[in-house]
Amino acid sequence: INTDGIDPDCCRNVVISDCIVQTGDDGIAVKTSSDVSCENIVITNCLISSRETAFKLGTESFGNIRNVSISNSIIHGSRFGCALYLKDGGNFENVQVSNCTIESDAEYAIVIDNTPRYYDTSPKGAIRNVSFTNLQIHARGRCYVEGLHDFPIENLSFRDIQWNICGAIELEKAEKPWGSMCCRLNPDSAQLARQPFRFIAAYTRGLQCSDIRFISDGTDGHLKSPQLYLYGSCNATIKNILVDDRKDGYVKSVQCSNICIDG
């Protein structure tokens, strides 16, 4: 039995407002179980609590999902906060998360992933034009972003975020979140999840991170400076990252190009 709260599937022109959603699985999941697009979805003024992902795009993503906004909402007591899982060959574009509070019990409060569901047979899709703005986050302290070499995640931005880090990460047991049991991992892929960084971004183009403040309660274990790990990415701008009110050494880049660090 599926215990999701609200699942707009292949829908258009949907407004979800002033709702309290408390579920045993995903809270609100926007998906496309066929090749029909899902678009123009507004979620605002909601309180979302779930045992899995509070707000999710996918994993069913056979059609395009575009023009989605979640704002002025509280995500509370959920395993994952916000997650975008593009697994079945559609495209995600024009997604905005703004003016929200996110509390998450999972290792990753935010996940963005467009690696295929079955690495050897599933079609690939693109994620572009996604923004997270003006957020208060209370979580164990990690954000995970993974695109593909031939389908990098484009124009992704994180701005005006205060991230209160609470709880330790066991890096030796860290695994990439998949969003579904029905997935098959490429055995040759790198285990990025075990990198000791708070923010991991692989295969992005046009990433922007600005005015982000990490505040640690001292229990985050092996997650030390630097804070951001960029892999296979290009045209990134990193600006004004504070760690416990200090401007720290905060970026490690591997196989990247055109990285601008300011402030």
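The values are calculated or read from the model by the stated rules, or taken from the named source; none is laboratory data. Predicted model, so just to flag it, every value in this text is computed and none were measured. A quick note on method: Cβ atoms are made from the backbone with ideal geometry, for glycine too, and the neighbour counts reach across all protein chains shown.
Data for the structure
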item	result
Which listed residue is under 19 Å from Asp7 (Cα atoms), aromatic (Phe, Trp, Tyr) and in contact (Cβ under 8 Å) with a residue 60 or more places away in the chain, from Tyr85, Tyr108, Tyr119	Tyr85
Among residues of region 61-85, those that are more than 27 Å from Gly141 (Cα to Cα) and in a strand (DSSP E or B), counted	4
Qualifying residues in region 92-127 (those that are of a type in the set (D, E, K, R) and in contact with a Lys or Arg (Cβ under 9 Å, 6 or more places away or on another chain)) - the one farthest from His149 (Cα to Cα)	Asp105
Enumeration of residues in region 95-142 that are within 21 Å of His76 (Cβ to Cβ), basic (Lys, Arg) and touching a strand residue (DSSP E or B) at 6+ places or on another chain (Cβ under 6 Å)	Arg142
All positions within region 69-81 that are under 14 Å from the mean Cα position of the chain (by Cα) and modelled with pLDDT of 95 or more	Ile70
Failed criterion for Ser50 (all others in (1) surrounded by fewer than 17 Cβ atoms within 10 Å (Cβ to Cβ); (2) over 23 Å from Ala126 (Cα atoms); (3) of a type in the set (Gly, Ala, Ser) hold)	(1)
